[in-house]
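For reference, the structure is listed below as structure tokens.
The values are calculated or read from the model by the stated rules, or taken from the named source; none is laboratory data. Here the structure is a predicted model, which is why all the values come from computation and not from measurement. Cβ coordinates were reconstructed from backbone atoms using ideal geometry, including for glycine residues, and neighbour counts include every protein chain displayed. Heavy atoms of the whole protein, side chains included, go into the accessibility calculation; ligands, DNA and RNA do not. Shrake-Rupley method; radii C 1.70, N 1.55, O 1.52, S 1.80 Å.
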Amino acid sequence: MFNSLLSSVLQSTLETIYMVAISGMLSILGGLPLGVLLLITASGRELSNPHLHHALSLMVDIGRAIPFIILLVILIPVTRFLIGTAIGTNAAIVPLCIGAIPFVARIVENALKAVDAGLIEAGHAMGTTTFQLIYKILIPEARAAIIRGITITLIGLVGYSAMAGAVGGGGLGSLAINEGYQRFNFPVLLATVMVLILFVYIIQWVGDWLAKKWEH
Amino acid sequence: MIMIELRELHKQYSLPDHTAIEALKGINLTVKPGEIFGIIGESGAGKSSLIRCVNGLETPNAGQVIINGQDLMQLNKPQLRQMRRNIGMIFQHFNLLSSRTVYENIAFPLELTKTPPAVIAKKVDELMALTGLSGHQHHYTHELSGGQKQRVAIARALANQPLVLLSDEATSALDPETTHQILQLLKKINAELGLTILLITHEMGVIKEICHRLAILEHGNIIEEAHVLDFFNRPQTNTAKRFIRDFSLHELPEHLRARLIDKKIEGAVPLWRLSFLGDAAESPLVTHLIRHFSLSLNILQARIERIRDKTVGVMLLEVEGQPEDLLSGKQYLNEKEVHVEEIGYVQFAA
Ligand SMILES: Nc1ncnc2c1ncn2[C@@H]1O[C@H](COP(=O)(O)OP(=O)(O)OP(=O)(O)O)[C@@H](O)[C@H]1O
Ligand SMILES: [Mg+2]
């Protein structure tokens, strides 16, 4: 009894880690360039393009406006198309990414916006290309703020992944709902909640540590 | 030979309400190689706009910027970037990268040009020695004092061996002692490397300490241009005179400044500031003034001052006498190549 409980919690924990890690990574990979693009296409910036800027901005805001639970449902066809099924941990990664990318993009945009205009001016004065300005000045100077924002996003993903789990995504969420809640298995419910708390705590701790290390 | 030449430079900014501000109204200026040229002006005069046109951070609406024979307006974007690498710039707030150490900040411009790491290491070491930063390579910028930060910024600006160094109020955020040290460093770099320096400032002290020549910028126009010594001894415009007056007031001892008034009132006598090149002896002047113009003088201060590298005598006198005697006294001093300036009036503390 105890062993099977332990193994199912362990199994679900690994699934959750998998979902959060992969969707977190993909969200950063997608959100970072999108955030940079939002910044530099704004009027008066390096690649000023107001139409593109407004289009991206609208997309990002729509993405952020749709509640995750609804996103889960309306993305089912997309998920089927991409993954082949709408059930399971891999399928859950699709809505998780789509939900998180707009957040990461705005976080990155705001963090980069906050970089002192004097540093950008110094960069231009030293003859940086736009690309050099981004990866040698803007991103390094904003990295602590970006890390803080990504920490919040990852914690959000832990919560969303549990939600995705509840509708067939696997992981701690589905364990808590299917085992713990629907079968009144209180120890399972408690164990999953404990693991989730631990997750959030570890992510926050690592995020704070990194941000602090990079803050000068 | 000309290093920087500005021809009929105009710069306008359009404001959101569709009106335009004319920041520069036809600037003509030449700076020779190896020269330290200062531009002084009040807030809003257009100083930053001018210096930012020199490295293309700002695009002029009309006119030419010619650096070492190359017209900036003729360059395309990559060429302009290339050109900027030949023009170092330092700023009031240093603008160092907080994510980088001292070493990495100085190496930054070299990284941009894909310099091999071994060459960078050697170059950065040299620059740190030149700017007095040796031993600080691993410090982050928040661990440095204002003066040290500006030294890092100077080293960084020199990394690509520029032809020209632009300084936008580089000492305005520093205390007087640190200002002096930074100015001495700029002077040393100018002398040792023959680097041309164009600086802007609102402080006469900066001009006086290191500039060879200066120009006064007012409402987007250059209204006076001179060698520094001539400027202090023979200012032409009222603005120039006011700058010098304010500067001498600033140097006045506190107890005198408190007693100084603008207008002549009953019982107040003029306060004169005499300045002359070092070799004009001061005592015969004073004796002569007393004897021949029936003026009674009270010497408040007499000292030797340095403008750039020349010595200049400065005297502060309270002068009492009839208006016509005061006038002929002034004429006499002018004939003797002594610059006289009436800074104000002092009331006798009876
Ligand atoms: N980007 C801008 N947009 C609109 N107006 C500007 C801009 N930059 C400068 N100006 C205006 O142009 C004029 C000259 O400004 P500038 O910054 O060159 O003066 P400054 O002499 O450097 O002043 P300060 O000593 O205060 O730095 C001012 O009236 C200023 O308001
Ligand atoms: Mg300015």
- Item | Number of the condition not met by B:V206 [criteria: (1) among the aliphatic types (A, V, I, L, M); (2) surrounded by fewer than 22 Cβ atoms within 10 Å (Cβ to Cβ); (3) assigned by TED's automatic domain parsing to the domain that holds B:L50] | (2)
- Across the stretch A:48-102, which residue is least open to solvent (accessible area, probe 1.4 Å) among those that are closer than 30 Å to B:K77 by Cα and hydroxyl-bearing (S, T, Y)? A:S57
- Query: Only one of (1) away from ligand 2 (no atom under 16 Å from the Cβ); (2) within 14 Å of another protein chain (Cβ to nearest Cβ); (3) surrounded by fewer than 20 Cβ atoms within 10 Å (Cβ to Cβ); (4) of a type in the set (S, T, Y) fails for B:T178. Which number is that?
  - Reply: (2)
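For (1) closer than 30 Å to A:G84 by Cα; (2) of a type in the set (S, T, N, Q); (3) in contact (Cβ under 8 Å) with a residue 40 or more places away in the chain; (4) in contact with an Asp or Glu (Cβ under 6 Å, 6 or more places away or on another chain), each residue gets a yes or a no:
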| position | (1), (2), (3), (4) |
| --- | --- |
| A:Q132 | no, yes, no, no |
| A:E141 | no, no, no, no |
| A:A144 | no, no, yes, yes |
| A:I150 | yes, no, yes, no |
| A:G173 | yes, no, yes, no |
| A:V200 | no, no, yes, no |
- Message: Anything in the stretch B:148-177 that is assigned to a helix (DSSP H, G or I), farther than 26 Å from B:V31 by Cβ and within 19 Å of the chain's Cα centre (by Cα)? List them, or say none.
- Response: B:P176, B:E177
- Mind listing whichever residues of the stretch B:130-147 are without any contact (Cβ under 8 Å) to a residue 24 or more places away in the chain and of a type outside the set (G, A, S)? B:E143
- Message: Every residue in the stretch B:220-239 that is out of contact with any His (no Cβ under 7 Å at 6 or more places or on another chain) and either in a loop (DSSP other than H, G, I, E, B) or small (G, A, S) (or both), please.
- Response: B:G220, B:A226, B:P235, B:Q236, B:T237
- Message: Just to be sure I understand the filter: pairs with C-beta atoms under 6 Å, separated by 6 or more residues or on different chains, first member in the stretch A:82-97 and small (G, A, S), second member in a helix (DSSP H, G or I) and open to solvent by 20 Å² or more (accessible area, probe 1.4 Å). Which pairs pass?
- Response: A:A86/A:I76; A:A86/A:R80; A:A91/A:I83
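Yes or no, residue by residue, for (1) open to solvent by 70 Å² or more (accessible area, probe 1.4 Å); (2) within 16 Å of ligand 2 (Cβ to nearest atom); (3) under 12 Å from B:L166 (Cβ atoms); (4) at pLDDT 95 or above:
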| site | (1), (2), (3), (4) |
| --- | --- |
| B:E8 | yes, no, no, yes |
| B:S14 | yes, no, no, no |
| B:S48 | no, yes, yes, yes |
| B:L57 | no, yes, yes, no |
| B:P60 | no, no, no, yes |
- Item | Members of the stretch A:114-130 found to be within 7 Å of another protein chain (Cβ to nearest Cβ) and either assigned to a helix (DSSP H, G or I) or closer than 13 Å to B:G88 by Cβ (or both), listed by number | A:G118, A:L119, A:E121, A:A122, A:H124, A:A125, A:M126, A:G127
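Quick check on my filter: what residues within the stretch A:28-47 are open to solvent by less than 60 Å² (accessible area, probe 1.4 Å), outside any helix (DSSP H, G or I) and either hydroxyl-bearing (S, T, Y) or in contact (Cβ under 8 Å) with a residue 60 or more places away in the chain (or both)?
At the first step, the residues of the stretch A:28-47 found to be open to solvent by less than 60 Å² (accessible area, probe 1.4 Å) are A:28, A:30-32, A:34-36, A:38-42, A:46.
Remaining after also requiring outside any helix (DSSP H, G or I): A:42, A:46.
Result: A:E46, single match.
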- Options B:S294, B:S248; residue that is under 25 Å from the mean Cα position of the chain (by Cα) and hydroxyl-bearing (S, T, Y): B:S248
- Please find, within the stretch B:308-333, the residue that is nearest to B:E209 (Cα to Cα) out of those that are among the polar types (S, T, N, Q) and open to solvent by less than 90 Å² (accessible area, probe 1.4 Å). B:T311
- Applying the selection to the stretch A:131-145, what residues are within 10 Å of chain B (Cβ to nearest Cβ) and buried (at least 21 other Cβ atoms within 10 Å of the Cβ)? A:I137, A:E141, A:A142
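Restricting to the stretch B:62-90, name every residue that is within 12 Å of another protein chain (Cβ to nearest Cβ) and closer than 23 Å to B:I189 by Cβ. Don't jump to the end; show me each part of the working.
Just the residues of the stretch B:62-90 that are within 12 Å of another protein chain (Cβ to nearest Cβ), to begin with: B:75, B:77-90.
B:Q82, B:M83, B:R84, B:R85, B:N86, B:I87, B:G88, B:M89, B:I90 - these are the residues of the stretch B:62-90 that are within 12 Å of another protein chain (Cβ to nearest Cβ) and closer than 23 Å to B:I189 by Cβ.
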- Task: May I ask you to list pairs of residues, at least six apart or on different chains, whose Cβ atoms are under 7 Å apart, with the first in the stretch A:57-76 being polar (S, T, N, Q) and the second being surrounded by 15 or more Cβ atoms within 10 Å (Cβ to Cβ) and not in a loop (DSSP other than H, G, I, E, B)?
- Result: A:S57/A:L38
- Message: A:M163 - would you say it is open to solvent by 30 Å² or more (accessible area, probe 1.4 Å) and closer than 14 Å to A:L6 by Cα?
- Response: no
- Task: Give B:R257, B:R242 a once-over and let me know the one that is open to solvent by 60 Å² or more (accessible area, probe 1.4 Å), assigned to a helix (DSSP H, G or I) and at pLDDT 85 or above.
- Result: B:R242
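Could you tell me how many of the residues in the stretch B:198-219 are of a type in the set (A, V, I, L, M, F, W, C) and assigned to a helix (DSSP H, G or I)? Write out each step before concluding.
Filtering the stretch B:198-219 for residues of a type in the set (A, V, I, L, M, F, W, C) gives B:198-200, B:204, B:206-207, B:210-211, B:214-217.
Okay, now just the ones that are also assigned to a helix (DSSP H, G or I), so B:204, B:206-207, B:210.
Total meeting the criteria: 4.
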- Cβ pairs under 6 Å, 6+ apart, first in the stretch B:28-54 and away from chain A (no Cβ under 14 Å) and near ligand 1 (Cβ under 7 Å from one of its atoms), second assigned to a loop (DSSP other than H, G, I, E, B) and open to solvent by less than 10 Å² (accessible area, probe 1.4 Å): B:G46/B:G220; B:K47/B:G41
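Please state which one of B:I120, B:I106 is open to solvent by less than 10 Å² (accessible area, probe 1.4 Å) and more than 16 Å from ligand 1 (Cβ to nearest atom).
On the way: B:I120 fails: open to solvent by less than 10 Å² (accessible area, probe 1.4 Å).
After applying the criteria, what remains is B:I106.
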- Task: Might you check whether a residue that is more than 9 Å from chain A (Cβ to nearest Cβ), farther than 18 Å from B:G147 by Cα and touching a residue at least 40 places away in the same chain (Cβ under 8 Å) occurs anywhere in the stretch B:108-126?
- Result: yes
